[in-house]
Amino acid sequence: MNATRLVILAGGLPLLFLLAVIGAGCAVNPVTGQSELMLLTEQDERRLGLQAEQAVIEEYGAYPDAALQSYLNGIAQPLARISHRPGLDWRFQVMDSPVVNAFAAPGGYVFVTRGLLAAVNDEAELAGVLAHEIGHVTARHSARNYSQSLLAGFGLQLGTALAGSYGQVLGPLLEAGTGLLFLKYSRDDERQADALGVEYASKGGYDTNRMADFFTTLQRQETLEGATGSGLPEWFSTHPSPVDREAAVRAQTAQWRSRLPAQNFRVNRDAYLDRINGLIFGEDPRRGFRDGDWFYLPQYRAQFRVPAGWTFKREGSQVQMVHPQKAGAILFSLQQGSIEPLAQAFVAKLKARVEQSAEQTVNGLRARRLVATVIDGNQQTQIVSYFIQKGNETFIFHGLADAAGFSKVATTLEQPAASFAALSDQTKLNRQPQRLAVKQISQATTLEEALRSYRVDGKLWPRVAWMNELRLTDRLQPGQRIKVIE
């Protein structure tokens, strides 16, 4: 998991102030029927969910496959309609992220990553995950977590020494509004969401034993090598696993089957595999990739240099570069719009004192360079910023350091912005992502032998085995279908 991940609450302090004025309130939980502390009305939940959806799409992107989005809704919407809160305006979205996770925001907004879809093997598994997330919403877990975090003054958490040095400055600069996706659930919340997931998916006609199987698959993921490099957390970072989770789900499955004796419980493996055939796997280089000392953005036909020796982290559309001794940091992001309003908003948000401001060009592109100081108590942070216009987007670089040491790293802080230029190298522009391919076994063999025959990169074999719920030594039979990475 990315060590420099952010946790920033949608709405921020203005909402905290408003809610503090209104005062704490109680609400009846739709699932339990019990009163509980709740600072959010259902209208607040809907508003926060919409904010989360907008932030997720802006930061990580919706997966550009209308047929897949429709397929997801075809499974999810019937489950939502038989839940405890069928009247919510439920919205389900496939996020364009390689990590294996699903999130629920208040108000009926549920997000599933394409990384999770790659790990799932049939409709029943996917229905179990969706029903589990629906359970978090119906039991108001995310809304309650948000309420409690407001009361606790929950805010920016960088998790590194960088937070102590630049926390007050980094917060506004990196604010993405996706903090609702990083709130952790309690083990009791997980148990309740599991139970609700079994109920909803069973009533929807799915075999929820596959839900238990998928939890086992997620547990095995922890042994895999190769992080995604994304700022989004993996499943167990936000969904702590209760003890005996698999056994509990299987017992609840048996109970619901006894209550629904006329129900047929489906798995639908082939239909699911057909739908995810061709799904992008891993990072999509067209949305940005690092190669050596350069970061390329083929989608925007742009590139810039990464300072040698600096750590490099990417979170959605944002990039963070940090000096080896934390003597400075460089933040990159892009936004729709023109230079001047964005530069003015930056100065206003940080209440920065502008030392220099000049319009100039960077490799033929119109830009504004700002040098500003931000004072927080006894701490002074100096920032050199570039706002560079290319097409309809403004590419933004902020290089920051403690004012006392700024001059020592000033040249390096400006290096990425100074190197920013149009990208014309066709080998970079046309780099294609890896994709899932569904193969049908023609003769009895082992998974390892099959992957060798399909010329799958040997480094990927453990992950391919994992996402097929198999081991490399497992025997495959003629007609069996597996997912491979091409």
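Of note:
- Out of Val374, Val464, sole residue that is closer than 30 Å to Leu273 by Cβ and surrounded by 19 or more Cβ atoms within 10 Å (Cβ to Cβ): Val464
- Identity of the residue in region 42-99, without any contact (Cβ under 8 Å) to a residue 12 or more places away in the chain and under 25 Å from Met467 (Cα atoms), that ends up farthest from the chain's Cα centre (by Cα): Gly74
- Filter pass, Thr412 being part of a strand (DSSP E or B) and either within 24 Å of Met321 (Cα to Cα) or assigned by TED's automatic domain parsing to the domain that holds Arg463 (or both): no
- Meets criteria (surrounded by 14 or more Cβ atoms within 10 Å (Cβ to Cβ), of a type outside the set (Ser, Thr, Tyr) and assigned by TED's automatic domain parsing to the domain that holds Gly328) for Leu400: yes
- Being over 19 Å from Pro433 (Cβ atoms) and of a type in the set (S, T, N, Q) is not true of Gln69.
- Just one of the listed residues (Phe332, Phe304) is buried (at least 20 other Cβ atoms within 10 Å of the Cβ), modelled with pLDDT under 95 and within 30 Å of Arg114 (Cβ to Cβ), and it is Phe332.
- Strands (runs of 3 or more DSSP E) contained entirely in region 301-404, each with at least 1 residues that are without any contact (Cβ under 8 Å) to a residue 40 or more places away in the chain and among the charged types (D, E, K, R): 353-362, 365-376
- On inspection, Gly364 fails the criterion of being more than 23 Å from Glu340 (Cα to Cα), more than 30 Å from the chain's Cα centre (by Cα) and not hydrophobic (A, V, I, L, M, F, W, C).
- Exclusive hit being farther than 27 Å from Glu393 by Cα and touching a Ser or Thr at 6+ places or on another chain (Cβ under 9 Å), set Trp256, Trp294: Trp256
- Top-ranked residue of region 89-109 - restricted to ones that are modelled with pLDDT of 95 or more and of a type in the set (A, V, I, L, M, F, W, C), ranked as nearest to Ile57 (Cα to Cα): Val94
Let's see how each residue does on (1) part of a strand (DSSP E or B); (2) touching a strand residue (DSSP E or B) at 6+ places or on another chain (Cβ under 8 Å):
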site	(1), (2)
Ala67	no, no
Pro78	no, no
Leu88	no, no
Phe92	yes, yes
Val99	no, yes
Ala104	yes, yes
Glu125	no, no
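The values are calculated or read from the model by the stated rules, or taken from the named source; none is laboratory data. Note that this is a predicted model, so its numbers are computed, not measured. Glycine gets a Cβ as well: all are built from the backbone with ideal geometry, and neighbour counts include every protein chain shown.
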